[in-house]
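Questions regarding the structure given below will be posed in turn.
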Amino acid sequence: MLERGHMSFNITLTIVMLTVALFGFATWRARQPVDPLKVRLIKINYHVVQIFCIVAFLYLIVHLMGFLGVQASQQTGRPF
């Protein structure tokens, strides 16, 4: 049973795949030529969507590494 506030490994992998798919879609749309005469209800800057996907992907990769047992809190070297 899942504890409240924790994502399972499968849910995290699903969100990673959706983020990669959204990044691919945003890349495809960003490369389309602009048609200034076409009326749009919402003007979306797909480069901002790409940046959001990159940030979400990096966060989720760190989350997946936690599932695999990688600890980022190990102190190496001399403390200040």
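Going by the structure shown, is residue 80 modelled with pLDDT under 90 and either surrounded by 10 or more Cβ atoms within 10 Å (Cβ to Cβ) or in contact with a Gly (Cβ under 8 Å, 6 or more places away or on another chain) (or both)? Break it down into steps so the answer makes sense when it comes.
Working: modelled with pLDDT under 90: yes; either surrounded by 10 or more Cβ atoms within 10 Å (Cβ to Cβ) or in contact with a Gly (Cβ under 8 Å, 6 or more places away or on another chain) (or both): no.
No: the conditions fail for residue 80.
Please name all residue pairs, on different chains or six or more residues apart, with Cβ atoms under 8 Å, provided the first residue is in the stretch 24-44 and is under 25 Å from residue 54 (Cβ atoms) and the second residue is in a loop (DSSP other than H, G, I, E, B) and at pLDDT 85 or above.
Qualifying pairs under 8 Å: 29/44.
For the stretch 45-69, enumerate the residues that are in a helix (DSSP H, G or I) and either among the aliphatic types (A, V, I, L, M) or in contact (Cβ under 8 Å) with a residue 60 or more places away in the chain (or both).
The answer is 48, 49, 51, 54, 55, 56, 58, 60, 61, 62, 64, 65.
Name the residue that is surrounded by the fewest Cβ atoms within 10 Å (Cβ to Cβ), counting only residues in the stretch 11-30 that are under 13 Å from residue 56 (Cα atoms) and of a type outside the set (A, V, I, L, M).
Keep residues of the stretch 11-30 that are under 13 Å from residue 56 (Cα atoms), which gives 12-23.
With of a type outside the set (A, V, I, L, M) added as a condition, the list becomes 12, 14, 19, 23.
Numbers: 12: 16, 14: 12, 19: 19, 23: 19.
Here the residue is 14.
The values are calculated or read from the model by the stated rules, or taken from the named source; none is laboratory data. Just so we're clear, the structure is a prediction, and the values are computed from it rather than from any experiment. When we count neighbours, we look across all protein chains shown, and the Cβ atoms used for this are built from the backbone with ideal geometry, even at glycine.
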